[in-house]
Amino acid sequence: MTNNLIPTLGVVTDIRVDTPDIKTFRVEKIGGGKCFEHEPGQCAMLSIPGVGEAMFSITSSPTVADHQEFSIKKCGCLTSWLHLMEPGQQITIRGPYGKPFPVDTELKGKDLLFIAGGVGLAPLHSVINYCLAKRENYGKIDVVYGSRSKDDLLTIDEIQNEWMKPENDLDVHLTIDRAQEGWDGHVGFVPNYVTELGFDPNKCVLVCGPPIMIKFVLQALDGLGFQKDQIYTTLELRMKCGIGKCGRCNIGDKYVCKDGPVFRFDQLDELPNEY
Amino acid sequence: MIERARELLASGEVNRVLAWEKGENDFDRTPAVFTADNVDSLVYDGLCGPNLSKYLVGEMEKEGKILVFLKPCDSYSYNQLATEHRIDLEKVVPIAVGCRGKIDVEKLRAKGIKGILSVTEDGDKLLVKTLYGDAVVENRKEVLLDKCLACKGKEHVVECEVIGESEDTTEGDKFGIVAKLEAMTPDERFAFWRGELSKCIRCNACRNVCPACSCVKCVFDNPNTGVANKAAADDFEENMFHIIRAFHVAGRCTDCGECSRVCPQHIPLHLLNRKFIKDINEIYGGYQAGAEIGQRHPLENFDKGDCEPSVVHVRGGARK
Amino acid sequence: MKKISLNALGALFAKIASTMKLYAPIEKAGQVDFYEWNESEKVRLDVLKTVKSAKDVFFPQVEDLLKFRVEGKSIEMNEAPKCEDDFVVFGVRGCDARSFELLDRVFLVDPRDEFYAARRAHGIIVTLACGAPEESCFCTNFGIDPANPGGDASAWIVGEELYIEPHTERGAALIADLEDADASSVEAAKKEISAIAERLPFANLDLTGFDGEHLMEKFDDPAWERLSKACLGCGTCTFVCPTCQCYDIRDFDTGHGVTRYRCWDSCMYSDFTLMAAENSRHTQLQRFRQRFMHKLVYFPSNNDGLYSCVGCGRCVAKCPQNLNIVKVIKALGGKKA
């Protein structure tokens, strides 16, 4: 019987600097290969012994064969330590946790609109790459992605060199908060850009970003005629166990680690607003 | 009291009242904030043990003035908090209320009285109704809270309107029990405190109720300190918690005794604080935290009469 | 039915303890809690409620999960041992015995908590009927019978005798050597207990409306403001509660390595939901509401209507400012909206 609270050892085989405060860590099991299989939107607990353990969304697509990636923003104690790591460092990992985005059920065959802000692209990145790998299962795909500045855009190389390839039939709409030298793209906040772009409300929307962005994106989508049961997001709460027992991520009768982190907004409406 | 509270609310001088209300049991008393709508459920009697002063800290963020009723011993905490600028005197209207010592229901239980339904005062007598028949306690002084056994006296130290009479609840030497601890050998004393502190469940009730523990963020709650903890990581940790806390409030602790009142394990925490008070009195001369607003306590003050540091650690280092 | 004189209990305990660990209500520094028994300990079966509930025995306040040694870039990891031997917990009241079943619904559902599961599999529970229920008791609201407390065996104190009725083979094996007894005096004692239970002040609480159907109505009730006003934000209610099961996982650097342990946590604490960036419950009102909503609404919504409260009354007796679940039930219960 595996013990759910006991992690396995993993090794960080590659560290990519994405932005001034976001790095992407490639994790494999010792000796190579994936630590476990996962689905898009699921999370895992990473830990440095003596520093702590925390839940991170898995950034890489399940279709990547030999490793998992985590894009992590430096904002607390553990993340600061992670940012100090060098390749070859062992860490502990356990997972996968949570329910994924319904990529093979509710989202299948639909036009998809991804809306992300800042490091909020991390969980959606996994879904976008999964959809590109199974492109025939989905209709039109749009991605609206915004950040504070051009330097804060995550995986910009991949976005420009991979996602934007014509054969992917995927439109990426980038924006940054304030005008900046060397940026000739759109300037403005994500919610306003969504309104400007004016999407057809027959799509399923996957949105992830800071709470304030999500709040205004919802208003923008409402203005365009989207219904709440078309919009998905992922919640982030403090977690310790990852298996719905320690009580931290409990909101209403749901546990974000077990029943989430992916929720549809009509489901969230039935829960207390404590996220 | 209700009458006076209603007048002050009606005149607009205050917009709310901090006092006590009855809890679910007939003998429970809970701190509560009243407005004109519910001020009639205000209760004040021999069961109102809780010290209200610290609740004022949270009330300072709100608009308008608040009326607070202060027992003589609570008035010390009030002054101390005012000294530390944690309460704004412009936003509070204090009224002193009489006190003859407060009853400790736990001490009634310790007398073997089970299934208590109500406690009624009749002069010095207590009539206790229980599930298993009635009981009488002849002298209420037998069952007063520990803090009342070391009463600082019936004087209110806040100059304000007074309602009701107070009486001293004890004539005993309040440091007698500390002297007993001092008379133990170090091993005995260590065993005593290990026995008591090992019961600690780290609920933090002592810290959270303590008017001297008014830090906005406690070091033990701050994950960045490296000492934050929820439980004893080793079997000595809870001892350290209480000792550190006692050090931190030394000189500012008014000896209100709430720490011991709230402890679910009945650990006599106030004895740690009282030891500090006794030492401060002996080394730097008599000092009572909260006796007046604006005092500097001996540990943050210096005068030429202070004994030399080399003398401080000599037991009984008298002021020279 | 078996019986043993209360005076001879020490011998029974010694016999049990000769083959396995025995936990019982034991007095230390004036307070009674469940501790491991040895001959020098003072057992207090006369005390109705231990300060902490008996849950420690299966879900200890602090327990190690694993140990690490970190050298350079490598980590060595060793899982803490799980309980492998049978043990007895003696003198558990009916409320605490029920609480184990509620904890099972958290820890034994998939994905299972292996540390808890191991202890649960090895624990033999001898319960004790409540001779004299107290004013704070309200277990009968949750279908618990203080006269028939369940477990592997149940005990009743009648006069100077302890009567024990086994319910399982493991219970029967513990007391096989005791003399057989006539059950009639126990029947009389049960009737007395039931008569008192009916007269308890909180015997008839109205729990109407506490269910998943009325989740948001209960959440939005304006009464929470008043109810939570005096809450100190301490963890007393949580830590004395038999059903509170939230925990924290922390690392402790021992100087020779790192120990990862888990310990009880409290949703009443300000840092319970604190993340690096924000805190989803930033007022004491929200934290206070979470604790009672979880017991009375969220838990039943996920567990066939079962409340996560056994009416032991410890929070009633121990809250420093006399806030408790009974007050909440009375304020919010009895209505659907």
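Every number in this text was worked out from the coordinates using simple rules, so none of it is lab data. This is a predicted model, so every value here is computed, not measured. In this analysis, Cβ positions are derived from the backbone assuming ideal geometry, glycine residues included, and neighbour counts consider all displayed protein chains.
In square nanometres, what is one fourth of the surface area of the convex hull spanned by the alpha carbons of chain C? Before the final figure, lay out each step's value.
Values: hull surface 79.3 nm².
Computing the convex hull of the Cα atoms and averaging its projections yields 19.8 nm².
Might you report the magnitude of the Cβ-based charge dipole of chain A about its Cα centre, with Lys and Arg at +1 and Asp and Glu at -1, to the nearest 20 debye?
Working: 28 positive and 37 negative charges, 188 e Å.
Its charge dipole is roughly 900 debye.
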**Fill in**
proj_area_mean for the stretch A:8-96 (convex hull on C-alpha atoms), units nm², value 5.1
**Request:** Take the alpha-carbon positions of the protein assembly as shown, form their convex hull, and give its projected area averaged over all directions (one quarter of the hull surface) in nm².
**Result:** 43.9
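To the nearest 0.05, what FRET efficiency results for B:Val219 and B:Glu84 with a Förster distance of 25 Å applied to their C-beta separation?
Details: r = 17 Å, r/R0 = 0.68.
Efficiency, rounded to the nearest 0.05: 0.90.
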**Message:** At a 10 Å Cβ-Cβ cut-off, how would you order C:Phe219, C:Phe288, B:Phe27, fewest neighbours first?
**Reply:** C:Phe219, B:Phe27, C:Phe288
**Request:** Compute the Kirkwood hydrodynamic radius of the stretch A:112-234, taking the inverse of the mean of 1/r over all pairs of distinct Cα atoms, and give it in Å to one decimal.
**Result:** 14.5
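Quote the relative contact order of chain C in percent (integer), defining contacts as alpha-carbon pairs under 8 Å separated by 6+ residues. All intermediate terms of the calculation are to be shown ahead of the outcome.
Working: 617 pairs, mean separation 68.5, N = 337.
For chain C, the relative contact order is 20 percent.
Only counting other Cβ atoms within 10 Å, I'd like A:Lys140, B:Lys147 sorted with the fewest neighbours first. Walk me through the numbers on the way to the answer.
Values: A:Lys140 15, B:Lys147 23.
Fewest-to-most ranking of A:Lys140, B:Lys147: A:Lys140, B:Lys147.
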**Message:** Quick check: the distance between the Cα centres of the stretch B:69-105 and the stretch C:8-67, to the nearest angstrom?
**Reply:** 42
**Message:** What does the structure give for C:100-113 when I average, per residue, the other chain Cβ atoms found within 10 Å of the residue Cβ?
**Reply:** 3
**Prompt:** Across peptide C:25-33, how many C-beta atoms of other chains are within 10 Å of each residue C-beta, on average?
**Reply:** 4
**Asked** When the C-alpha atoms of the stretch C:2-199 are aligned to their principal axes, what extent does each axis show, in angstrom, from largest down?
**Response** 69, 38, 36
**Message:** Residue by residue through C:265-272, how many Cβ atoms from other chains fall within 10 Å of the Cβ on average?
**Reply:** 5
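Please give the calculated 222 nm ellipticity per residue for the protein assembly as shown, where each DSSP H segment of at least 4 residues contributes -39500 (n - 2.57) and the sum is spread over every residue; nearest 500 deg cm²/dmol? Working shown, then result.
On the way: 29 runs with 241 residues, N = 932.
My calculation for the protein assembly as shown gives -7000 deg cm²/dmol from helical runs alone.
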**Item:** Proximal charge balance of A:Arg178 [Cβ under 15 Å; K/R count +1, D/E count -1]
**Value:** -3
**Complete:** Using alpha carbon centers only, the stretch B:112-152 is separated from the stretch C:186-231 by a whole-angstrom value of 27
**Request:** Can you grab the distance from the C-alpha centre of the stretch C:251-310 to the C-alpha centre of the stretch B:193-211, Å, no decimals?
**Result:** 20
**Request:** Identify the GluC sites (Glu not before Pro) of the stretch C:13-97 meeting these criteria: DSSP loop state and at most 12 other C-beta atoms within 10 Å of the C-beta.
**Result:** C:Glu39, C:Glu84
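When the dipole is taken about the Cα centre of the protein assembly as shown, and only Lys, Arg (+1) and Asp, Glu (-1) are charged at their Cβ, what size is it in debye, to the nearest 20?
Numbers: 113 positive and 139 negative charges, 218 e Å.
It works out to roughly 1040 debye.
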**Item:** Order of A:Asp14, A:Asp142 under a 10 Å beta carbon neighbour criterion, fewest first
**Value:** A:Asp14, A:Asp142
